[in-house]
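The values are calculated or read from the model by the stated rules, or taken from the named source; none is laboratory data. If you're wondering where the values come from, they're calculated on a predicted model, not measured in any experiment. For neighbour counting, all protein chains shown are included, and Cβ atoms are generated from backbone atoms with ideal geometry for every residue, glycine included.
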């Protein structure tokens, strides 16, 4: 069987994962689980999804690569069917940020046990970053990419206790309180002066400016309220861009 080919989004997720046993939550067709076991040396994976259909396809894919003894399939709502300490790493991807936070809350026993997290929220990443901070997790890496004309962010986070022992030398600035622009757009991405983030923010500010012009012409109460929101967003974007462009 040839090496598995991942989409850019899934590859970015897989590239961040490091460990021995992974829980792939919302695994879809299990390509990330297969890649982590086959290509990155994970000893075992739990391919978990809330829907039976994707798991049936996942099982076929796992068997196709001859990994039935190393990848377990579980019908599970989030962490529900994962025992405490059964995995050292969790991948949660392909869902909105609010749902991701709910999954993490319901899986508190695993974050209490310091499971490493690779997260790819499809929306509202600020909610994910805020929750991670609330439970004393530290984001130690982020990447941003474009896949099929959509922007995606991937987040790697560890417990504060593990963070202090990471190869990043316990850079305490990563654990500082978030500014609004860091929460929205990613402290590490801004620190990296990430080109994809810069492109995204410049596109966003241009789009907002056009909407603001249209809203000014409308002049209704609702239009003025929306205009104010967009102007505030552009102010925050400019704060981030000011650092990126230094």
- Hey, residue 15 assigned to a loop (DSSP other than H, G, I, E, B) and surrounded by fewer than 18 Cβ atoms within 10 Å (Cβ to Cβ) or not: no
- Task: Being touching a helix residue (DSSP H, G or I) at 6+ places or on another chain (Cβ under 7 Å), free of Cβ contacts under 8 Å to residues at least 60 places away in the same chain and part of a helix (DSSP H, G or I) is the filter here, so list the residues in the range 102-136 that pass it.
- Result: 104, 111, 126, 127, 128, 129, 130, 131
- Query: In this structure, is residue 205 within 28 Å of residue 104 (Cα to Cα) and not assigned by TED's automatic domain parsing to the domain that holds residue 118?
  - Reply: no
- Scan the range 160-186 for residues that are modelled with pLDDT of 95 or more and not in a loop (DSSP other than H, G, I, E, B) and jot them down. 180, 181, 182, 183, 184, 185
- Message: Going by what's in this entry, would residue 139 be described as in the same structural domain as residue 15 (by TED's automatic domain parsing), crowded, with 18+ Cβ neighbours inside 10 Å, free of Cβ contacts under 8 Å to residues at least 40 places away in the same chain and in contact with a strand residue (DSSP E or B) (Cβ under 7 Å, 6 or more places away or on another chain)?
- Response: no
- Item | Residue list for the range 50-69, restricted to those being crowded, with 18+ Cβ neighbours inside 10 Å and either at positive phi or touching a strand residue (DSSP E or B) at 6+ places or on another chain (Cβ under 7 Å) (or both) | 55, 58, 62
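Residues are listed down the side, and each one gets a yes or a no for (1) without any contact (Cβ under 8 Å) to a residue 24 or more places away in the chain; (2) within 21 Å of the chain's Cα centre (by Cα); (3) in a strand (DSSP E or B):
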position: 29; (1), (2), (3): no, yes, no
position: 38; (1), (2), (3): no, no, no
position: 41; (1), (2), (3): yes, no, no
position: 45; (1), (2), (3): no, yes, yes
position: 53; (1), (2), (3): yes, no, no
position: 57; (1), (2), (3): no, no, no
position: 60; (1), (2), (3): yes, no, no
- Message: Suppose we filter 150, 156 for residues that are within 17 Å of residue 91 (Cβ to Cβ) and either outside the structural domain of residue 112 (by TED's automatic domain parsing) or modelled with pLDDT of 85 or more (or both); which single one remains?
- Response: 156
